[in-house]
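The values are calculated or read from the model by the stated rules, or taken from the named source; none is laboratory data. These numbers come from a predicted model, not from an experiment. Cβ placement follows ideal geometry from the backbone for every residue including glycine, while neighbour counts extend to all protein chains displayed.
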Amino acid sequence: MADTVSTASAPALFGARNYPAALEWVARRAEAFVIPLAALIVGMALFSLFIALVGKSPVQLYVTMWRGGFGSWFSIQNSLSRAAPLLLAALCVALPARLGLVVIGGEGAIVLGGVAAAAIGVAANGAPAFVVILLMGVAGVVAGGIWIGAVGALRHYRAVNETISSLLMAYIAIALMNHLVEGPLRDPASLNKPSTEPLADAYRIGNIPGMDVHWGLVVGIVACVLSWLLIEKTRWGFAARIAGGNVRAAQVQGLAVGPLIVGFTGLAGGFAGLAGMLEVGAVQGSANASLAAGYGYTGILVAFLARHNPLAIIPVAFLLGGIGASGGLIQRRMDLPDATVLVLQGMLFVVILFSETFYGRFKVFNPDLWKRGS
Amino acid sequence: MDATEIGLWGVPLAILGGAIRVSTPFIFVSLGEAITERSGRINLGLEGTLVFGAMTAYAVAVVTGSPWLGVLAAAGAGLCFGLFHGWICKFRGVNDIAIGIALMLFGSGLAFFFGKPFIQPSAPDLPAIAFGGWSNIPQVQAALNVNVLFLIGAALALFLWWAFRNTRAGLIVRVVGDSSDAARAMGLNPNTVRLLATGVGGALAGIGGAYLSLYYPGSWTERISSGQGLMAVALVIFARWNPLGCFAAALLFGGAGALGPALQSVGVTQGYYLFYAAPYILTLIIMIATSSPSRSLAGAPGELSITK
């Protein structure tokens, strides 16, 4: 992943005399917006072609998608609710990616974070709500953090490929959840859908005032902003970016790459675990198989679309949350399978990755080439 | 001793039978991945190819009534996915691992999209050969009921092992995988070789998928694959890119996968779901045991990003 270390301050360049400098400033940054946006449009165009080929109207599809995901206050709230876990799941991919690691097993951390939170929520029954919710959050973060932190540790200390190990760990986590939910932690009253005991109402996480969206959205946005600050404005983030560029160089510089990798992957897993805790506390009310709803996998797409920039994750998660939210409406109105959304996501993913090849190829975005003339 | 009451002996027997039954998709996917990785690229998208192959094979078998046409169609579909991966990865800045993840999601999505109408109808099964006819114990007969694709997979492993060492094509793939520069100096185009190697790898993964839907478990559902495509990638590393090693490792994984059902069949239900995790835990342990931070893996293709 290309990374810009230059951080020229914008206001100083926007002086009246500095018009060319301002233009340069815009040009250098435009690439990171224009290429993903163009890729998004190309991806949607390809998907239109696909929909036309299976005999449906692409126009109707996008109109339905707009209505289902973004067209009304109701659908926007629905999309925002889906965006909440995506924000945290995407951070689970984006943070390790800054260190050059491709971690794709966030689903496992979500699942275990949810189970840990549910177990604590039931065990601490009777304590004040504030304390219990806090404990649940800590449990989720710790469970997820250990899970993905272990992936980072294995990567650094044993050279185990993190992509494969994280995915294997996700399968193990889901098996572990099934074992706990069907066995030791099972609520005997849950017959058809084995679950842990339901949380007391006082411990449920409520909605943001005036909206039908739970507090998880705020948690997710705060997590994204904090992650951005961590990467861009702290020495740990700086060290991580150096290690992500070249591990050997970072080691020669005396950076403690091992703790850095374990710390970043642990934090990434902690965020995913928090997403699981929020799903339990705000949506499900107990831990069950619904925790493995695929947020971890959609989060991979969100992170890649945002090019692993935590701030860019916020709009992208809203966009993909909306696309996901419109799936049901597309299925009902257009008689298309619910996997239609998966096809769109897959196409977008491929096109976005392909667009990586265009970075640095357009003269427009590279002022250094302007001066040399053509 | 009553012939049908074989007690705890049923466990190793069921694991043996399970190993043969469950391992076939692993064999095909890992052999395909071995070819791709020997050429210097990694295709994580084989999981998606496997699922799409399973759907294609099932759909074609339902429509035409011939399971073998289904296998052929699955191989063709896998070839397309592999060629696409091989083509798109030749562009600068396009990461083969990331593209693999994208194709994993895309392949599964497409399979669910087109496979919806085929969840209900039943397709003809692939034939199996009963090697257990000499015994009158039903468990032995069940364990030794070997599918034809398993035998083809075993023969293929042997052939590839021979071909990598003794044929021109095998040498070309290995040179490209070890050093792009050396290959170019020999007048070879690494991108073309990798394109073909990834294409063949995809076709084999498609056949692995066909086995899933046409023999064991033998129906098309959206949960047909549980990460076999990915475990196969880890398995290739464990097998040191050796086709015979892939075959042996696939049997081992198949046995691990059969552990849960085998124990359940003799009445052990405690921790049933944990036994389901056995193949994943085994894979992880093997990866930890065989990786090392201080030396590169013996036999690893030099151009492979995953071992660097």
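Taking the stretch B:94-149 as the region of interest, how many residues are part of a helix (DSSP H, G or I) and either within 22 Å of the chain's Cα centre (by Cα) or within 14 Å of another protein chain (Cβ to nearest Cβ) (or both)? Before you say what the answer is, go through the steps one by one.
Residues of the stretch B:94-149 part of a helix (DSSP H, G or I): B:96-118, B:138-143, B:148-149.
Still in the list and also either within 22 Å of the chain's Cα centre (by Cα) or within 14 Å of another protein chain (Cβ to nearest Cβ) (or both): B:96-118, B:143, B:148-149.
Within the stretch B:94-149, residues that are part of a helix (DSSP H, G or I) and either within 22 Å of the chain's Cα centre (by Cα) or within 14 Å of another protein chain (Cβ to nearest Cβ) (or both) number 26.
Counting only residues that are within 10 Å of chain B (Cβ to nearest Cβ) and touching a Leu at 6+ places or on another chain (Cβ under 8 Å), which one in the stretch A:120-161 is nearest to B:LEU284 (Cα to Cα)? Only one residue tops the list, namely A:VAL160.
Residues that are facing chain A (nearest Cβ under 10 Å), at least 2 per element: which helices (runs of 4 or more DSSP H) completely within the stretch B:200-308 meet that? It would help to see each step written out before you state the result.
On the way: elements: B:228-238, B:243-265, B:272-276, B:278-290.
Qualifying helices (runs of 4 or more DSSP H): B:228-238, B:272-276, B:278-290.
Cβ-Cβ distances below 6 Å connect the following pairs, each with a first residue in the stretch A:44-57 that is hydroxyl-bearing (Ser, Thr, Tyr), a second residue that is part of a helix (DSSP H, G or I), and a separation of six or more residues or different chains: A:SER48/A:PRO58.
Which is among the small types (Gly, Ala, Ser), touching a helix residue (DSSP H, G or I) at 6+ places or on another chain (Cβ under 6 Å), surrounded by fewer than 23 Cβ atoms within 10 Å (Cβ to Cβ) and closer than 30 Å to B:GLY229 by Cα, of A:GLY149, A:GLY183?
Values: A:GLY183 fails: touching a helix residue (DSSP H, G or I) at 6+ places or on another chain (Cβ under 6 Å).
A:GLY149 is the lone residue from the list that is among the small types (Gly, Ala, Ser), touching a helix residue (DSSP H, G or I) at 6+ places or on another chain (Cβ under 6 Å), surrounded by fewer than 23 Cβ atoms within 10 Å (Cβ to Cβ) and closer than 30 Å to B:GLY229 by Cα.
For the stretch A:267-288, how many residues are outside any helix (DSSP H, G or I) and out of contact with any Ser or Thr (no Cβ under 6 Å at 6 or more places or on another chain)? Selection size over the stretch A:267-288: 1. Filtering the stretch A:214-239 to residues that are surrounded by 14 or more Cβ atoms within 10 Å (Cβ to Cβ) and under 30 Å from A:GLY285 (Cβ atoms) leaves A:HIS214, A:TRP215, A:GLY216, A:LEU217, A:VAL219, A:GLY220, A:ILE221, A:ALA223, A:CYS224, A:LEU226, A:SER227.
Taking A:GLY210 as the residue in question, decide whether it is away from every other protein chain (no Cβ under 14 Å) and in contact (Cβ under 8 Å) with a residue 60 or more places away in the chain. Let's see the steps before the verdict.
Details: away from every other protein chain (no Cβ under 14 Å): yes; in contact (Cβ under 8 Å) with a residue 60 or more places away in the chain: no.
It is false that A:GLY210 is away from every other protein chain (no Cβ under 14 Å) and in contact (Cβ under 8 Å) with a residue 60 or more places away in the chain.
Can we say A:ILE104 is under 13 Å from the mean Cα position of the chain (by Cα), at pLDDT below 95 and either surrounded by 24 or more Cβ atoms within 10 Å (Cβ to Cβ) or assigned to a helix (DSSP H, G or I) (or both)? Criteria met by A:ILE104. Against the test of being modelled with pLDDT under 95, closer than 19 Å to B:GLU47 by Cα and surrounded by fewer than 18 Cβ atoms within 10 Å (Cβ to Cβ), the options A:GLY294, A:GLY360 yield a single qualifying residue, A:GLY294. Report, ordered by the first and then the second residue, all pairs with beta carbons closer than 7 Å, sequence separation of six or more or different chains, a first member in the stretch A:165-177 that is without any contact (Cβ under 8 Å) to a residue 12 or more places away in the chain and at the interface with chain B (Cβ under 7 Å from one of its Cβ atoms), and a second member that is of a type in the set (Ser, Thr, Tyr) and in a helix (DSSP H, G or I). Hits for this filter: A:ALA175/B:TYR273; A:ALA175/B:TYR276.
Just to verify a result, which residue in the stretch A:243-256, among those that are of a type in the set (A, V, I, L, M) and crowded, with 19+ Cβ neighbours inside 10 Å, is nearest to A:LEU311 (Cα to Cα)? Working first, answer last.
Within the stretch A:243-256, the subset of a type in the set (A, V, I, L, M) is A:243, A:247, A:249-250, A:252, A:255-256.
With the extra rule that they be crowded, with 19+ Cβ neighbours inside 10 Å, the set shrinks to A:243, A:250, A:255.
On the way: A:ALA243: 21, A:ALA250: 25, A:LEU255: 26 Å.
Residue satisfying both the conditions and the ranking: A:ALA243.
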